[in-house]
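Participant: Quick one: the structure is below, questions incoming.
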Amino acid sequence: MSLIEQAARRLEELRRAGAELPENRAAPPAAPHGTPTPEAFMRTMDAHAESARPAPGPAHPPRTPSNYVPQRVDIDLKRLRDLGFVTPDAPMNQIADEFRVVKRPIIRNALGKEGIRVKNGNLVMVTSALPGEGKTFTSLNLALSVALEYDNTVLLVDGDVAHPTLPALLGVPHSPGLLDLLTRDDVDVADALVKTNVEKLSILPAGSRHRRSTELLASEQMASLLRELATRYSDRIIIFDSPPLLATTEARVLASLMGQIVMVVAADSTSQHAVTQALATIENCEIVLMMLNKASQSDVGTYYGYYGDDAAR
Ligand SMILES: Nc1ncnc2c1ncn2[C@@H]1O[C@H](COP(=O)(O)OP(=O)(O)OP(=O)(O)O)[C@@H](O)[C@H]1O
Ligand SMILES: [Mg+2]
């Protein structure tokens with residue numbers, strides 16, 4: 001059965017189980033107990049974005065090996081826990097459980113365990129059909145979840161370069177990042193990585209805004225950077241928070257360069273039509289895993305749903 005057919009069947013099962021899956025966008029339902037509402041989360045993120053926003057000014061001074069100081073940030077884990085993220089001291093909850101299930105095939109495909117070899121399997125793109133479906137929420141949870149539980153190092157890349165939200169969420173100060181690596185010769189990957197207080201988690205911020213930010217994602221420089229990341233950090237799982245597939249053609253080009261795609265479907269708002277269209281744009285990608293986000297617990301028994309193609313199981 002094709003992935004699109006699987007998706008349609010899964011959505012139909014959920015609909016029969018009573019989950020509300022409107023054909024078009026509708027007002028989101030209340031968040032389950034203990035989970036922040038999207039509005040509360042966005043307000044907090046906006047407040048942090050304000051404080052973390054760089055003052056307009058000249059570009060960064062060139063960083064040469066002689067003036068390079070490794071960046072490090074202390075993530076406010078308590079705040080993340082309050083926002084519903086998987087953190088070291090968060091009680092084992094349903095989201096943590098669901099991510100355990102999801103990350104197993106991702107890690108297996110990424111590291112070529114059990115004889116499964118996936119080309120560039122350690123490059124994992126988290127995307128969705130449309131804005132606001134939970135890509136950032138899922139990427140960060142996945143990154144935290146892998147970094148905390150396994151002996152794997154994780155690099156979380158803010159690849160949603162036109163609307164970067166991870167730095168504000170994690171308190172990463174403005175520093176050279178992905179866009180600088182694509183546009184400047186004097187910044188090396190190692191210079192742009194930001195270490196964190198979660199020992200196995202590093203961040204690559206989106207970097208300095210560029211007038212062609214989104215187009216750069218589909219550039220030859222990006223393809224070559226991905227090749228470098230996949231090989232230079234081959235024992236590391238590299239998770240890309242990305243733009244939505246139906247909003248930009250560049251996201252589709254980016255998807256074609258990744259080893260694995262995690263496609264987030266918002267149960268309360270992504271229409272079946274949008275899911276089908278989005279899946280069609282990435283039909284050449286070898287591994288696509290679907291995550292059903294924001295399905296209410298009482299309706300479907302799980303908060304996150306997951307299925308993938310046979311190669312990913
Ligand atoms: N499982 C979830 N539980 C609680 N809140 C969630 C969940 N998934 C997403 N949200 C909330 O929904 C909002 C949108 O999520 P998020 O920012 O992750 O979406 P996105 O797909 O990255 O959006 P964009 O396309 O604008 O980057 C956020 O406020 C987020 O906290
Ligand atoms: Mg996002």
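The values are calculated or read from the model by the stated rules, or taken from the named source; none is laboratory data. Only a predicted model underlies this, so the values are computations on that prediction, with no experimental measurement involved. Glycine gets a Cβ as well: all are built from the backbone with ideal geometry, and neighbour counts include every protein chain shown.
Participant: Against the definition (hydrophobic (A, V, I, L, M, F, W, C), in a helix (DSSP H, G or I) and at pLDDT 95 or above), how does Leu245 come out, yes or no? Full working, then the answer.
Facilitator: On the way: hydrophobic (A, V, I, L, M, F, W, C): yes; in a helix (DSSP H, G or I): no; at pLDDT 95 or above: yes.
Answer is no for this residue.
Participant: For the range 176-191, give me each residue that is in contact (Cβ under 8 Å) with a residue 40 or more places away in the chain and in contact with a Pro (Cβ under 6 Å, 6 or more places away or on another chain).
Facilitator: Asp186, Val187 - these are the residues of the range 176-191 that are in contact (Cβ under 8 Å) with a residue 40 or more places away in the chain and in contact with a Pro (Cβ under 6 Å, 6 or more places away or on another chain).
Participant: In addition: Just checking, does the range 113-130 include any residue being within 16 Å of ligand 2 (Cβ to nearest atom) and among the basic types (Lys, Arg)?
Facilitator: Pass one, the range 113-130, residues within 16 Å of ligand 2 (Cβ to nearest atom): 124-130.
Among the residues that remain, those that are also among the basic types (Lys, Arg) are: none.
Checked against the condition, which is being within 16 Å of ligand 2 (Cβ to nearest atom) and among the basic types (Lys, Arg), the range 113-130 yields no hits at all.
Participant: Where the second residue is away from ligand 2 (no atom under 13 Å from the Cβ) and assigned to a helix (DSSP H, G or I) and the first is more than 14 Å from Pro243 (Cβ to Cβ) and without any contact (Cβ under 8 Å) to a residue 60 or more places away in the chain and lies in the range 133-146, which pairs have Cβ atoms under 6 Å and are six or more apart or on separate chains?
Facilitator: If the second residue must be away from ligand 2 (no atom under 13 Å from the Cβ) and assigned to a helix (DSSP H, G or I), the pairs left are Asn141/Phe99; Ser145/Phe99; Ser145/Lys103.
Participant: A further question on this structure: Can you list the helices (runs of 4 or more DSSP H) found entirely within the range 168-237 that contain at least 3 residues being closer than 30 Å to Arg79 by Cβ and of a type outside the set (S, T, N, Q)? Steps first, answer last, please.
Facilitator: Values: elements: 178-183, 189-192, 213-216, 220-232.
Helices (runs of 4 or more DSSP H) meeting the threshold: 178-183, 189-192.
Participant: Now for a different question. Thr136 fails exactly one of the following numbered conditions: (1) modelled with pLDDT of 95 or more; (2) within 16 Å of ligand 1 (Cβ to nearest atom); (3) touching a helix residue (DSSP H, G or I) at 6+ places or on another chain (Cβ under 6 Å). What is the number of that condition?
Facilitator: It fails just one condition, (3).
Participant: Moving to a separate point now. What is the one condition in (1) of a type outside the set (A, V, I, L, M); (2) over 16 Å from Leu201 (Cα atoms); (3) surrounded by fewer than 23 Cβ atoms within 10 Å (Cβ to Cβ) that Asp151 does not satisfy?
Facilitator: Failing condition for Asp151: (2).
Participant: State whether one or more residues within the range 234-245 are charged (D, E, K, R) and more than 16 Å from ligand 1 (Cβ to nearest atom). Spell out the reasoning first.
Facilitator: Just the residues of the range 234-245 that are charged (D, E, K, R), to begin with: 235-236, 241.
Then keep just the ones that are more than 16 Å from ligand 1 (Cβ to nearest atom); that gives 235-236.
Yes - at least one qualifying residue is present in the range 234-245.
Participant: Taking Ile203 as the residue in question, decide whether it is more than 16 Å from ligand 1 (Cβ to nearest atom), in contact (Cβ under 8 Å) with a residue 24 or more places away in the chain and within 16 Å of the chain's Cα centre (by Cα).
Facilitator: Numbers: more than 16 Å from ligand 1 (Cβ to nearest atom): no; in contact (Cβ under 8 Å) with a residue 24 or more places away in the chain: yes; within 16 Å of the chain's Cα centre (by Cα): yes.
Considered against the rule, which asks whether it is more than 16 Å from ligand 1 (Cβ to nearest atom), in contact (Cβ under 8 Å) with a residue 24 or more places away in the chain and within 16 Å of the chain's Cα centre (by Cα), Ile203 comes out as no.
Participant: Given Gly159, Gly134, Gly171, which one is within 14 Å of ligand 2 (Cβ to nearest atom) and either within 14 Å of Thr87 (Cβ to Cβ) or surrounded by fewer than 24 Cβ atoms within 10 Å (Cβ to Cβ) (or both)?
Facilitator: It is Gly134.
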